[in-house]
Amino acid sequence: MDTDLIKIASIIGAAVAVSFGALGPGLGEGRAVAAAMDAIARQPDSAGTLSRTLFVGLAMIETMAIYCLVIALLLLYANPYIAH
Amino acid sequence: MIAANPLGADVLFRIGPLPISGAVVTTWVIMALLAGGAALASSRLRAEPSRWQAVLEMLVEGMAGQIEDTMRTPPRPYLPLIGTLFLFVLTCNLAPLLPAVRAPTARLETTAALALIVFVAMHGYGIRTRGLRRYLAHYLEPNPLLLPLTLLSELTRTLSLMVRLFGNIMSHELVIAVLLSLAGLLLPVPIMALGLLIGAVQAYIFAVLAAVFLGAAVGAIEAG
């Protein structure tokens, strides 16, 4: 009974982690890309530098979402509170 | 259970007490292919390049240019490490194009090893370029009070380098597995095509971030 409760809570926790973990970085990446588009439209010459910096920045932001995904996977596949 | 546990190990065989997983065997094959190909290609270099040599020169010069743009310093000392990392990660990410091959970068142990290489190289290049005393002093640089945060960021950026590559490639694999179990044969094909883009972009990002970290360690640029 007790492990069932933990399993239910883990599944809900994984879903919440992924959904909210995708929300923030999604908004952030949208803002970053919009700002980069604006900058490229103003200064097309510096598009190379801008897009490289954008890629690195997006990777940094995206890491937050990936962390949430890893937490969700830990809950689903390697939950420390359930004996596998 | 839709897919096999993405965090567990799939042990193929054992050498003594050492379990060898499928991902390790795949990396061995990729390493042999890359090293053999490079040795074969560089054994017959001529001043007037053949078609293959022209392609390789373009690749190496492109990588050197990217490293120079990112690090703002002559790229020659860093080209072997970062170029090899890029080619290796790219080959690993694109390996699932072959049937029955899984991307080694979709396993945590492979990306952990790659991130560890970058971590060690960061300090190695930093000490070699600046000298031990000046390298250690740069940790105290803006303010000695920030030392714990600086040390923490050293660890977390290596950790995030590892988790980023693993998470992207593995989650893509998981999405394909889920789609395959829900929708059958043809629907995952466009997602797999997207995987080519993801694999190339992630290899590029891994190499650029390694270059940024190395550049920060040798003091050429500010830490990212």
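List of remarks:
- Residues of the stretch B:15-69 that are out of contact with any Lys or Arg (no Cβ under 8 Å at 6 or more places or on another chain), within 14 Å of chain A (Cβ to nearest Cβ) and of a type in the set (Asp, Glu): B:GLU68 alone.
- Residue that is surrounded by the fewest Cβ atoms within 10 Å (Cβ to Cβ) [pool: residues in the stretch B:125-134 that are part of a helix (DSSP H, G or I) and without any contact (Cβ under 8 Å) to a residue 60 or more places away in the chain]: B:ARG133
- Close pairs from the stretch A:20-42: first outside any helix (DSSP H, G or I), partner exposed (fewer than 11 other Cβ atoms within 10 Å of the Cβ), Cβ under 8 Å, at least 6 apart: none
- Meets criteria (closer than 25 Å to B:VAL101 by Cβ and small (Gly, Ala, Ser)) for B:ALA54: no
- Residue list for the stretch B:97-123, filter: under 25 Å from B:LEU174 (Cβ atoms), in a helix (DSSP H, G or I) and without any contact (Cβ under 8 Å) to a residue 60 or more places away in the chain: B:THR111, B:ALA112, B:ALA113, B:ALA115, B:LEU116
- Residue among B:ALA216, B:ALA203, B:ALA137 that alone is within 22 Å of A:LEU69 (Cα to Cα) and not charged (D, E, K, R): B:ALA203
- Scanning the stretch B:167-189 for any residue that is within 20 Å of A:LEU58 (Cβ to Cβ), surrounded by fewer than 22 Cβ atoms within 10 Å (Cβ to Cβ), facing chain A (nearest Cβ under 10 Å) and not charged (D, E, K, R) turns up at least one such residue.
- Entry remark, the stretch A:66-84: residues being at the interface with chain B (Cβ under 8 Å from one of its Cβ atoms) and assigned to a helix (DSSP H, G or I) number 7 in total.
- Residues in the stretch B:107-124 that are of a type in the set (A, V, I, L, M, F, W, C), surrounded by 13 or more Cβ atoms within 10 Å (Cβ to Cβ) and at pLDDT 90 or above: B:ALA112, B:ALA113, B:LEU114, B:ALA115, B:LEU116, B:ILE117, B:VAL118, B:PHE119, B:ALA121, B:MET122.
- Residues being facing chain B (nearest Cβ under 9 Å) and surrounded by 14 or more Cβ atoms within 10 Å (Cβ to Cβ) - total across the stretch A:39-56: 3
- Any chance B:PRO75 is out of contact with any Leu (no Cβ under 8 Å at 6 or more places or on another chain) and surrounded by 12 or more Cβ atoms within 10 Å (Cβ to Cβ): yes
- B:ILE221 vs. criteria within 14 Å of chain A (Cβ to nearest Cβ) and either surrounded by 12 or more Cβ atoms within 10 Å (Cβ to Cβ) or under 23 Å from A:SER51 (Cα atoms) (or both): yes
- Subset of the stretch A:43-54 (residues that are in a helix (DSSP H, G or I), farther than 22 Å from A:TYR67 by Cα and not basic (Lys, Arg)): A:PRO44, A:ASP45, A:SER46, A:ALA47, A:GLY48, A:THR49, A:LEU50, A:SER51
- Residue check, B:VAL101 among the β-branched types (Val, Ile, Thr) and either within 14 Å of another protein chain (Cβ to nearest Cβ) or within 17 Å of the chain's Cα centre (by Cα) (or both): no
The values are calculated or read from the model by the stated rules, or taken from the named source; none is laboratory data. Treat the numbers as computed from the prediction; the structure is a model and nothing was measured. For neighbour counting, all protein chains shown are included, and Cβ atoms are generated from backbone atoms with ideal geometry for every residue, glycine included.
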